[in-house]
Structures are given as C-alpha cells and as structure tokens.
1. With on the phi > 0 side of the Ramachandran plot, loosely packed, with under 11 Cβ neighbours inside 10 Å and either in the same structural domain as residue B:318 (by TED's automatic domain parsing) or at pLDDT 90 or above (or both) as the only criterion, which of B:379, B:367 stands out?
2. Quick check on region A:241-261. Is at least one of its residues crowded, with 19+ Cβ neighbours inside 10 Å, within 26 Å of residue A:114 (Cα to Cα) and either within 14 Å of chain B (Cβ to nearest Cβ) or touching a residue at least 60 places away in the same chain (Cβ under 8 Å) (or both)?
3. For region B:285-308, check the following and say yes or no: at least one residue is without any contact (Cβ under 8 Å) to a residue 12 or more places away in the chain and not in a strand (DSSP E or B).
4. If you take just the helices (runs of 4 or more DSSP H) that sit entirely in region A:120-239, which of them hold at least 3 residues that are within 17 Å of residue A:82 (Cβ to Cβ)?
5. Pick out the one residue from B:48, B:29, B:66, B:61 that is surrounded by fewer than 16 Cβ atoms within 10 Å (Cβ to Cβ), at pLDDT below 90 and more than 10 Å from chain A (Cβ to nearest Cβ).
6. Could you tell me which residue of region B:76-107 is farthest from the other protein chains (Cβ to nearest Cβ), considering only residues that are assigned to a strand (DSSP E or B) and closer than 11 Å to residue A:115 by Cβ?
7. Filter region B:124-163 down to residues that are more than 30 Å from residue A:20 (Cβ to Cβ), within 14 Å of chain A (Cβ to nearest Cβ) and in contact with a helix residue (DSSP H, G or I) (Cβ under 7 Å, 6 or more places away or on another chain) and give me whichever is surrounded by the fewest Cβ atoms within 10 Å (Cβ to Cβ).
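The values are calculated or read from the model by the stated rules, or taken from the named source; none is laboratory data. In this text, all values refer to a predicted model and were calculated from it rather than measured experimentally. Here Cβ is always computed from backbone atoms with ideal geometry, including for glycine, and neighbour counts include all displayed protein chains.
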C-alpha cells in the first residue's frame, strides 16, 4: 500500500521535470493525440479530404494571385511547386502554433477536474498536424512527378526542418497558451500573429527578393530557414543564409526554455484562473 | 507502515474574489491595474479585502479503509478540499500527505468527447482519469456491462440520451482502482435505478478497504456509504464524528442561518424605469425563519425586498412582481410566477418594503438554480436585473412521502400524483 506517496505542499517546491509523473501519464499523451486526430474532421462533409484540399486550394490561390496576377518571380521553378514546397512546412507550423496557443483554454474542463502533468496538453496539441503534413507531402511527391522534378538525397534532412518548425511553434505556443489562461486577449492575437508571420516568411515570394542589407534581420525568423530549407531539399533552390538561421535557432531555444519555465511557474494556478 | 492514508496539516486556500467573479482578465485591465498599483504602493498596504479563505486551518487524518463523508453548504469549502487533494489546485498554506495512489472523480464524464463513440470514450476517459491502456482493456467488458449501453457502444456519444451518457461515464469512473478515491457529488445524476447501482458499486469500493472521501448533498447516500463524516462551514471543520450525528448537526445548522438576503441594488445589468427596484431577496421556511437551503417539497416563502426611487409618499398602483427559477445551464425558466397570475397586484407607498410569495410545496429537485425576478408597474417594466437576482440551493428530501428519491436532477420538476388501476 505504501508504494506511492504524494506530498502536497503549499511551499513552492515544484520540480522542473517530474519524470516519474510524466512516465506514468505517457499513454495519456498519445490518447490526446489520437483524440485530436479522430475528432479533427468529424462532422465535416468532406472529412479527411480537407487535409488534401487545404494545401491544394491554397497553392492554387497563391499561384493565381501572386504568381500570375502579381507576377512574383519563383526562381525559375513552376510557381505551384515553388509555393507548395513552402506551404508544406508553413501549414504544419501554423497548425501547431494555433493549436498549442489555444490548447490550455480548450482543455479547461480537464484542467479544472482532473490532475495530470499539464505540459501534456500543449505538447500533444501539436502532433495531429503531422498527419496533415504527411498527406500534403504525398501530394507534393505526386506534383514533383508531374512536373518532372528529380528527387534528391537532400530529402533525408526533412525531419530536421520539420522538428525546427514544430519546436518553433511549440516555443511560441507555450508562451501564448500560458498567457491565454489569464489574458483572453491572446485569442485575438493568434490569428493576427500567424498572418503577419506568414508574410514575414518566403511563401508567396522568394527570399532572394529581400535586399541584402536586411537579410540579417529577415532571417532571424526561423521559419525563413525552414521554408528555404524545404525549397532547397525539394526543388534545389539555393540556401541563402545559414549563419543567420543558426542565430534564429538560438532564439527558438531561448523562447522554448523561458516559455517552459513560465508555463511551469504558473501551472499551479491554472485551475484557479482559467 | 502507518495506517494513515491522508494526513492534512494546517491546510488553507485563499482565493481572490475578483478573480472568481470576472472569470478572466484582459491584458489591458491587468496593465492598467498594475499601473494603478504603482501609485497605490505609497500606502504600503496590500488590499486584503478582496480575498477569501475558501479553506482555513484544516487538520485531518483519514485512516486506510475509512470512508469519510464531507458535508457542508455550498461555499463551505468541500469541493476546494477535494480539488487540493486531487492536485488540481495548490493550497495556500499547509501540507498534505497521501499514502497510496489517488483517483478523483470530481465530475461525471471528465474528458468525454461528444464526437467520439462510446467505445472510444471509455479509453479516452479512462486514460484521463489515470488508467493505463492494459488496465482499461482488462476491465473493458466489465465497464460495458455496468453501463448497460452495449448496443450503442459504437455510436457517437453526442447521440446518447443524458441517462446513457451518465451511465457510461460513471461506469468508467467506477472501475478506477485507486487506493484513495475522492468523489464529488457525482451521484446526483441518472435515474433512481442506476443511482442505486452506483451506490452499490461505491459501497463495494468502500468495503474493499479503500479509502474514500465523499462529498454530497444527498444525505441518504452519505449515510449509506460513510461511517464517519466531517462538517465544513466557511472553510473550517466544524465537527467530525459519526455520520448520523454530523448530518443532524448539518440540518439543524441550515435552518438557523441568516444570511440569505443580500443587496441587489448594485448588481450589474438591469433594465426598466427604476421607479421601484429589487433590492434583495431571502427565503424563509414555513415558520418565517430564513434558510439557505430549500428541501424539495417543503413550504417556503420567497421574500423580495424592494426600494422605491422617489421618497414621496405618492402611492404607486398596479405593481406586479414576478419571479422565475432557472436551471444553471438553461436560460428558459422552469416556471414563472407573477403576482398578477394569482390575481394580486400591489400598491406601494413607502421607500422600502418586502413582498412575499408563499409556495405550499416547493416543486423542484435537489440542485442549484438561478433565481430571476422582475417588477412591472401598469404593465411597464420597472426593474429587471437581467442576470437574475441570485441562486437558490435545493436539497433532497422525502418529496413523495414514500422514501423514494425519484428520478434525480435531470428531471428538475417534481410533482406527485395518485396512481391507480382502473377496474
């Protein structure tokens, strides 16, 4: 009977990582992911077809608006391919950012009714987007075949860029979801932030359009590196500025650590405030 | 090995009332208030008056295998205590030692997702309550059996009736096997038959030597399940002892309290001319003693306090007052009763006064409800606090006079009737 023993103390004795606790609830993490995936397209007429339609429709719109009408250059690559390669990581990122930022508030019912390590909530909320990503990836490969683009060994680096995209989303998401518990203004900030961020990322246009003297600032956005990385892997575009990319990775690491600490330091009050 | 399952020392929990009322802050409010505090700091005083101790100086030891009932009015701190023990919220003072795996059941259907099927929800809810997948696999058939919804196992839960939903949800929860089980008011649901089954299951749990802490307004359930109980009042333990004694004490306490009237005049959103305003209400039993809790079926008086705007003695004629009772989850009332429906209207002269309405048999099942009221004069709205004027708490009692508890709070209206077989 004495096997497990819990001490609840008013004093601030929080451990940064209670590994035993996390281990005990590891299955819950996957259950929440599984639920998100299951529920994602329920009660939609088209169901999982949305995962196919979304990137394709966006690609078409971008191709017409930015490629044809605005006539933005695409570095000699067919515009649809050019923009799709960027939309792949971007939609994954945008999904992960939005979902993790709203995650705690969305799980209010759980937070006020049952205990489990709260970090599971934002962490699990970003995973379901990976499924959509994989579906979009398959479409992309089909497009590559249609446009006769050669597939290279560079693709092996994809997991790296995916991880950067997801971790960037999580690091910002941790901050926003924690703030969101107390300040519901954040809800309105998220779509706006996502939109601004998208224009600050070379999705509809090529990063080669950026004037030389601003490149350092521009590439502090980690998604610039991710999107350029995708274009480099898929369509052989030149990577412009790896050194700055590494600086942006440092920024992500900083955000991730501080976001996590902020999350942990207010975790105890979630149920009272939310 | 000690035989103490739960040791609570000097436990306290302080809430900011402001944080409770305005559910969340906006960034702007927070920025402006921290700005305001910047200037206030000169006084060197921290405002303590908008905080409330939901629990204070709780010391308690619960032995292994003990089934402890926790009794008290709404706001006495029962749920806060369970929430602290369940590690949902953190105490402000004190310390708790829990020896054994803790499972909590603070709500029926925690983690259920309406879009998922019954089968899927068993796994999801089980995992959220802390069960492992193998454990759920092992108990799956038992859970389905217990819930009696086998046919609908692969139907989305949103298509379930509320009874089916509750049965499934409770079935999952009832198969948790923690050494310490915390239960909050979950038996106030479902039909009588199923309630009995749940009580039986809980009884099994209790007899298996597990420690159970059990909050309920259902005195019959507390009496059935727990041998000892504590009575909480305003965040402190008023007494601890044999369940029978504690229940007696609780019921006699309910009757004598006197704080159900409150000032309404400052309450927010309201419409009407304002010539006569509602300033408060209280509820009295048949003897005219103010009460906090209404027992289903008892005789009660609803007393409404009003205030006339102009101080002249000019009488106002044709004053009609009505009140309504709403379920918390619904905006449409369970009933509305205006004095004019009963052929009564009032003439108001002086500045302040009371109007009361006597109900012979209070027809509503146990639960918490919102009370609304409105005054009209010559058919023109004089005052209508749109968010209602307060809440009332109804506790279970022998409404039918037969000892039957009836259908439960999913059917909030109670009526009695005479049954016979036509020859």
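1. After ruling out the rest, the residue left standing is B:379.
2. Within region A:241-261, one or more residues are crowded, with 19+ Cβ neighbours inside 10 Å, within 26 Å of residue A:114 (Cα to Cα) and either within 14 Å of chain B (Cβ to nearest Cβ) or touching a residue at least 60 places away in the same chain (Cβ under 8 Å) (or both).
3. yes
4. Filter on region A:120-239 gives A:128-146, A:222-235.
5. Unique residue meeting the criteria: B:48.
6. Here the residue is B:103.
7. Ranking the qualifying residues of region B:124-163, first place goes to B:154.
So that you can scan it fast, the table gives a plain yes or no per residue for (1) within 13 Å of the chain's Cα centre (by Cα); (2) away from chain B (no Cβ under 14 Å):
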residue: A:96; (1), (2): yes, yes
residue: A:111; (1), (2): no, no
residue: A:114; (1), (2): no, no
residue: A:121; (1), (2): no, no
residue: A:126; (1), (2): yes, yes
residue: A:144; (1), (2): no, yes
residue: A:152; (1), (2): no, yes
